[in-house]
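Right, one structure below, let's go through it.
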């Protein structure tokens with residue numbers, strides 16, 4: 001069910017047991033499974049915990065991965081399952097139901113279908129390995145519009161970002177390579193805070209990430225040096241990439 005309902009493979013039985021059945025507070029009586037026409041089309045469950053907010057104590061139902069096959073997401077039977085679980089959670093003293101998911105599912109399913117309030121949750125991350133950067137660059141470079149912009153490009157970038165080992169990016173004939181270590185004479189050097197650099201890579205379609213990077217450069221959080229001989233090539237490439245970025249999928 002979970003694998004069929006999520007856009008990417010969710011996992012297997014062992015992952016479900018590890019993630020839910022073995023967590024504190026799990027009760028199989030709160031698991032709900034919806035069957036329609038002899039076929040299981042949805043499942044829903046939650047775990048109850050007490051949350052203390054100052055002088056206030058609340059019983060909160062933390063929901064697990066909900067799985068509803070796409071064609072049944074607007075049906076009456078799903079609403080019935082939701083209401084039955086709500087009644088069970090209320091009977092057990094729950095005051096709030098909470099969960100986490102992607103922004104697309106939060107707005108398109110939970111909020112639109114069941115009236116959940118979407119909250120902005122401040123999560124913070126910091127990379128300690130260049131592997132996520134490698135994956136992001138290879139994904140972006142592999143897309144058609146970017147590949148065309150990079151087809152005749154040839155340049156190198158040395159990055160020294162806080163929290164990460166020194167690494168460099170080399171582009172040759174549309175191919176992108178990422179490796180740890182330093183280059184003697186890169187075309188571009190970037191030093192400083194990793195956050196604005198990674199934000200621009202995370203969603204290259206939006207101006208916000210690039211705006212944050214430009215702001216970091218102007219304030220000195222990120223320092224950029226470009227070889228004079230490479231400057232005309234870099235300006236021409238920047239123009240092509242700026243046009244291509246609107247077609248890049250983040």
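The values are calculated or read from the model by the stated rules, or taken from the named source; none is laboratory data. Here the structure is a predicted model, which is why all the values come from computation and not from measurement. Cβ atoms come from the backbone with ideal geometry, glycine included; neighbour counts cover every protein chain shown.
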Per-region count, region 17-36, residues buried (at least 16 other Cβ atoms within 10 Å of the Cβ) and outside any loop (DSSP other than H, G, I, E, B): 4
Among the residues of region 155-178, what is the count of those that are in contact with a helix residue (DSSP H, G or I) (Cβ under 8 Å, 6 or more places away or on another chain), at pLDDT 90 or above and over 17 Å from residue 136 (Cα atoms)? 0
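In region 1-23, how many residues are closer than 19 Å to residue 88 by Cβ and in contact with a strand residue (DSSP E or B) (Cβ under 9 Å, 6 or more places away or on another chain)?
Adding up the residues that qualify gives 2.
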Per the filter on region 76-115, residues assigned to a loop (DSSP other than H, G, I, E, B) and in contact with a strand residue (DSSP E or B) (Cβ under 8 Å, 6 or more places away or on another chain) are 92, 93, 94, 95, 99
Scanning region 4-19 residue by residue, those under 15 Å from residue 64 (Cβ atoms) and touching a helix residue (DSSP H, G or I) at 6+ places or on another chain (Cβ under 6 Å) turn out to be 10
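Under the condition of being touching a strand residue (DSSP E or B) at 6+ places or on another chain (Cβ under 6 Å) and assigned to a helix (DSSP H, G or I), which residue from region 116-137 is surrounded by the most Cβ atoms within 10 Å (Cβ to Cβ)?
By that ranking, first place goes to 137.
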Is at least one residue of region 128-150 modelled with pLDDT of 75 or more and over 27 Å from residue 238 (Cβ atoms)? yes
How many residues, within region 37-74, are surrounded by fewer than 14 Cβ atoms within 10 Å (Cβ to Cβ) and either assigned to a helix (DSSP H, G or I) or touching a helix residue (DSSP H, G or I) at 6+ places or on another chain (Cβ under 9 Å) (or both)? 3
